[in-house]
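Asks: Input: one structure, supplied below.
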Amino acid sequence: MLYLANDELRLHVLDPVADQSRLGTRYTSGCYVYQIEEARHGPLMSGPVYPSDPPPVFDGQGIPEAFPYTLDPIDGKRLAIGIGIIHDDESDENEFNTRKVAERCTWEIEAAESSLQMRTSQSMADHALQLQRRLTLQGRELTSTSQLRNTGDAPLPTIWFAHPFFHWAPASPWVCRFRGFTATMNDNPGFRVGADNAVERISDHDWEAGQFVHIEGCTGYLLDAEQSHPSLGKIAVTGDFALARMPIWGNACTVSFEPYLEQTLQPGEELSWSLTYRS
């Protein structure tokens, strides 16, 4: 495990080599924040099976990020951005995690007092890319930045999302709220939109079974959110990219809204984006 800390917070970050047993083929292996810890309140983040340790690699925990769709298979293998080359399995309808890694990408790691940076290069056939991930910790503010460059000869379809796993705040009447757009969602047994654009939890739902639903109305807007937290009151989350979509998912252990970015990079094109968490 790698650590980035100050007087306020301590980040537990997976080492892409030493912690491979905690990495699958779902989440980006560079700058994967596995937990955020505070001296007074302890661990601040959760996960689908938290506090079970180690969790299944598909579930994970903390604030992972992912490029969920791989490039088209060649000779039975696929390129997975931020992960490496993985074996293709046409019988597997789950794009995320049950395929096996053929070769993990290699990360160059640069650590400083208030930041941790990881860089990797990947290629397969006409596709090639450079990915840089950077964590910056200033006081109670954490910024996770990604920079992706298409260094190949073919367009690079880019779909990315963040999956921050928050603890439920049982005493709070709301789960999360958004500014900048009017949130709506289809009828479902787990979540609803209440007053002040706030997503609320329907308490009598079977949360062991979980609930997934899309938050409508967000496309094209920047993320500006507040997440209710049992010990901190709330955590602010902001992004500097136009949202493509944003589901929300939860089970009995955790809840997570999932901001998506979608864009195709032409050869030579570069894209940078970030999420900032303030507690």
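Asks: How compact and how long is region 46-189, expressed as Rg and Dmax of its alpha-carbon atoms in Å?
Replies: 18.1, 53
Asks: I've got another one for you. Going by average Cβ neighbours within 10 Å, how do the peptides 178-189, 18-29 rank, with the highest at the top?
Replies: Highest mean packing first, the order is 18-29, 178-189.
Asks: Calculate, in nm to one decimal, what Tyr221 and Gln263 gain on full extension: separation in residues at 0.36 nm each, minus their alpha carbon distance.
Replies: Extending this stretch completely gives an extra 13.7 nm.
Asks: Still on this structure, please answer the following. Mind checking the full-extension length gain between Glu37 and Asp204? Use 0.36 nm per residue of separation minus the Cα-Cα distance, one decimal, nm.
Replies: The Glu37-Asp204 span can extend by a further 57.0 nm.
Asks: Give the Debye-formula value of log10 I(q)/I(0) at each listed q (0.15, 0.16 Å⁻¹), with one equal scatterer per alpha carbon of the chain, two decimals each.
Replies: -1.19, -1.35
Asks: Determine the percent antiparallel among the DSSP beta bridges restricted to the chain, to the nearest 5.
Replies: Close to 100 percent.
Asks: Now, a different point. Can you send over the carbon and sulfur percentage of the accessible area for the chain, probe radius 1.4 Å, protein chains only?
Replies: 45
Asks: Taking the Cα centre of region 1-60 as the origin, how large is its charge dipole in debye, to the nearest 20, when only Lys and Arg (+1) and Asp and Glu (-1) carry charge on their Cβ atoms?
Replies: I would put it at about 160 debye.
Asks: Using a 1.4 Å probe, what is the accessible area per residue for region 228-279, in Å²?
Replies: 34
The values are calculated or read from the model by the stated rules, or taken from the named source; none is laboratory data. On a predicted model such as this, the values are computed, not experimentally measured, just so you know. Quick reminder, even Gly has a Cβ in these numbers, built from the backbone with ideal geometry, and neighbours come from all protein chains shown. Ligands, DNA and RNA are stripped out before the accessible areas are found, and what is left, the full protein with its side chains, is counted by its heavy atoms. Shrake-Rupley method; radii C 1.70, N 1.55, O 1.52, S 1.80 Å.
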